[in-house]
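J.: Right, I'll just put the structure down here and ask away after.
The values are calculated or read from the model by the stated rules, or taken from the named source; none is laboratory data. What you see is a predicted model, and the numbers here were worked out from it, not measured in a lab. A quick note on method: Cβ atoms are made from the backbone with ideal geometry, for glycine too, and the neighbour counts reach across all protein chains shown. Heavy atoms of the whole protein, side chains included, go into the accessibility calculation; ligands, DNA and RNA do not. Shrake-Rupley method; radii C 1.70, N 1.55, O 1.52, S 1.80 Å.
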Amino acid sequence: MNYAELFSTIQTYTENQFPLVYLADGSTVSATTQINTFIKQAEQRIYNSMQFPSVRKNVTGLVSSATPYLSAPTDFLSVYSFAVVDASGNYTYLLNKDVNFIREAYPNPSSTGLPKYYALFGPTVIGTTITTELSLILGPTPDAGYTVELHYYYYPESIVTANTTWLGDNFDTVLLYGSLVEAYTFMKGEVDIITGYDAKYKEALALAKRLADGMERQDAYRSGQYRQAVT
């Protein structure tokens, strides 16, 4: 299901063309803006309910010698895996800890070595400006320049702007019913209809989770990552 099909189906199911909404300041909100909001809200709920490979990215970068901090990508949500690659090409996967663990284990930042741990440190600071992007701290402080490879979760481009997405092509039911729940909530629709659409959404979501957190993760290396049993 592409964007145009989803847009039209939402209007058909709700029997609502979503006419202009007039705001107190005299501005208006169009049907397109309203429906796009429903879709984006549904996507966000779905992407935070499961771990599809399609919501992961892989990037490589460099950490500098004697510098324990690394800026996260601008679209970063959370870490899937984080590895340091030495000069011989050997990968060392870092263990996730919190900042106070790293500070306690390596109280002197000048103590250097091959990093073993990482933690989410906080916003990136550029000069005196605190940005909205996160940064990572490594422990111990790198003793040389290393290549790093980060697999991380992010929000894929919305079907609103991409027109077609992995979710729309493979699990259009969960996207449609999630959007309908948002639409009927906005419409303050009848409780029984909202309840029915919510039930269909949860049914579709359960099937999607079976794939994302079950079938696609049965051979995951780290047992600490969430895996849903497949029956």
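J.: Pop out the ³J(HN,Hα) list for region 25-38 in order, Karplus 6.51 cos²θ - 1.76 cosθ + 1.60 with θ = phi - 60°, rounded to Hz; leave Gly and Pro as x.
T.: 7, x, 7, 10, 10, 7, 4, 4, 5, 4, 5, 4, 5, 4
J.: Still on this model: What distance in nm separates the simple spin-label points at T161 and L207, each placed 7 Å from Cα in the Cβ direction?
T.: 3.0
J.: I've got another one for you. For the chain, what does the relative contact order come out to in percent, with C-alpha contacts under 8 Å and a separation of six or more?
T.: Over the chain, the number comes to 26 percent.
J.: Turning to a different aspect of this structure: Using 0.36 nm per residue of separation minus the Cα-Cα distance, give me the extension gain between V21 and S8 in nm, one decimal.
T.: 2.8 nm
J.: Projecting each Cα onto the charge dipole of the chain (Lys/Arg +1, Asp/Glu -1 at the beta carbon, about the Cα centre), which of N108, L120, Y177 comes out farthest on the positive side?
T.: N108
J.: Enumerate the amide H contacts of S135 below 5 Å, restricted to partners 5 or more residues apart or on another chain; note that Pro and chain-start residues carry no placed amide H.
T.: Distant-sequence amide H within range of S135: A72, F121, G122, T124.
J.: Over the chain, give the accessible area per residue in Å² for a 1.4 Å probe, as an integer.
T.: Ligands and nucleic acids excluded, the result is 55 Å² per residue.
J.: Once both labels are modelled 7 Å past Cα along the beta-carbon direction, what's the D192-D86 spacing in nm?
T.: Taking the simple label geometry, D192 and D86 are separated by 6.9 nm.
J.: Note the direction-averaged projected area, equal to a quarter of the hull surface, for the Cα convex hull of the chain, in nm².
T.: It is 17.2 nm².
J.: Can I ask one more? Going down the list K57/K209; K40/K116; K40/K97, which pairs span over 29 Å between their C-alpha atoms?
T.: K40/K116; K40/K97
J.: Moving to a separate point now. Given a Förster radius of 25 Å and the C-beta distance between Y69 and A105 as r, what FRET efficiency does 1/(1 + (r/R0)^6) yield to the nearest 0.05?
T.: That gives a FRET efficiency of 0.95.
J.: Using a probe of 1.4 angstrom, how much of the accessible area of the chain is carbon and sulfur, in percent?
T.: About 53 percent, which is the carbon plus sulfur part of the accessible surface.
J.: Which value, in debye to the nearest 20, describes the size of the charge dipole of the chain about its Cα centre when Lys and Arg Cβ atoms bear +1, Asp and Glu Cβ atoms bear -1, and nothing else is charged?
T.: 560
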